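Some notes on the structure that comes next.
The values are calculated or read from the model by the stated rules, or taken from the named source; none is laboratory data. Note that the structure is a prediction, hence the values are computed from the model and not measured. Positions of Cβ are backbone-derived with ideal geometry, glycine not excepted, and every protein chain shown enters the neighbour counts. Side chains are part of the model used for accessible areas, which takes the heavy atoms of the whole protein and leaves out ligands, DNA and RNA. Shrake-Rupley method; radii C 1.70, N 1.55, O 1.52, S 1.80 Å.
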Amino acid sequence: MSGAAGPALSQDEAFARIRLLRSPNIGPVSYAMLLQRFGSAAEALGALPDLGKRGGRQYRACPADRIEREVEAVRKAGAKYLFHDQPGYPVLLGRIDGAPPILTWRGDLSLASKPCVAMVGARNASAAAVKLARDFAQGLAEAGFTVVSGLARGIDGAAHEGAFPATIGVIASGIDIAYPPQHGDLQERIANEGLLLAEQPPGTEPRGSHFPSRNRIIAGLAGGTLVVEAAVKSGSLITARLAGEAGREVMAIPGSPLEARSHGCNHLIREGAVLVQAPEDVVELLSGFDGVPRSTFREPATRFDFEPGELADAEPAELADLLTTAPVAVDELIRQSGTSPSAVQLALLELEVAGRLERHAGGKVSLAG
């Protein structure tokens, strides 16, 4: 194993951070706000019951013994933790909204610090597209890129195989769970020769809600996302949209209008993704990437920073009155409430801790259904 992150945290604070993130109703956004507000995970854990009370419900943090079992499971799997502010954390990933605060990993972490390109596509891909994905991945790896994908059948698996060992597999399960089962050997090979990343705790079987979260990591790691073959309604287009929202390049290989599995790529190109036909096109596009993508397929989200200490009056009950189960932008709540952004964010945090708030893409929130 190489590329290990430096020990930037005390053991107690690392344990407290895992416990904070595993506590009910705490996601990446609320986790970041709590750390910024209270300075440490230990202090944030102590504040959670009061925050939940202000949000309207009693609150209990994740039990410490559960985290002890998780830490042991990570060790048993041969994996390690990576925290958002450690030196080995991928820089591009850290720049996306809702970046995963804690990852578990196996393999060569230095692969994530090299120029990365994400490759995604159909699970039921055509034979021609599978070969094309394998060839593209090989060409990109030979050009010095790390190829990132999600270990799914079809295009994902071909991309990993073509790029070996310069590949990162991001999974929707725990680090110790192989999914899909038929890619168990491939996943183990990536863990040994490439890099395997997981956001979910060990022992977690993949659920539907985990895959969009995995997709945001795939898009966030890379300067650009290449869609090889995909239908119009597919997870690959979700990854492309997330890449566009993050200000990354979105690329697609065109296909025949007679082939339904090509309609997604053709749609992306029509909507502003860059058409590519050879690995050299991707290399040219990403080698000079300066943070201003050539593709126009994007939908930027509004981002607000939480300012500790700026606490104008904004009660959770007042914010809840402005909310429904339909998502609304946080800036609209700020305008209608007439209070400061940080005060609104704190009130929303209290509602979230109490389990009364859901966060959505694009910086939107709603009452929990």
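Observations
- Extension gain (nm, one decimal) between residue 135 and residue 50, 0.36 nm per residue minus Cα-Cα: 25.0 nm
- Label-to-label distance, nm, for residues given as residue 11 and residue 182 (7 Å Cα→Cβ offset): 4.5
- Based on alpha-carbon atoms, the Kirkwood radius and the radius of gyration of the chain give Rg/Rh equal to 0.98.
- Cα-based reach from residue 114 at 19 Å (exclusive), listing aspartates and glutamates while leaving out same-chain residues under 8 positions away: 85, 142, 161, 193, 249, 280, 281, 284, 290
- Taking 0.36 nm per residue of separation and subtracting the Cα-Cα distance, full extension of the segment from residue 127 to residue 318 would add 63.1 nm.
- Ranked order, 164, 145 - accessible area, probe 1.4 Å, largest first: 164, 145
- With Cα atoms, 0 to 90° folded angle of helix 127-142 axis to the chain main axis: 80
- Residue 284 versus residue 91: modelled label distance in nm, points set 7 Å from Cα along the beta carbon direction: 2.6
- Helical runs (DSSP H, four residues minimum) scored at -39500 (n - 2.57) apiece and divided by the length of the chain put the mean residue ellipticity at 222 nm at -13000 deg cm²/dmol.
- Legend: calculated FRET efficiency, residue 64 to residue 335, from the Cβ-Cβ distance at R0 = 45 Å, rounded to 0.05, equals 0.60.
- Backbone N atoms of region 258-294 closer than 19 Å to the 7 Å Cα→Cβ label point of residue 233 belong to residues 259-268.
- Partners for residue 76 among lysines (Cα-Cα distance below 21 Å; same-chain residues under 8 apart left out): none
- Helix axis angle, 64-76 relative to the chain longest principal axis, alpha carbon, degrees: 20
- Over region 168-238: Rg over Rh, Cα atoms, Kirkwood Rh: 0.96
- Taking 108, 281, 65 in turn, the Gaussian network model of the chain (Cα-Cα springs below 10 Å) assigns the largest fluctuation to 65.
- Helix axis angle, 184-193 relative to the chain longest principal axis, alpha carbon, degrees: 90
- Between 222, 125, 273, the Gaussian network model of the chain with springs among Cα atoms under 10 angstrom shows the greatest mean-square fluctuation at 125.
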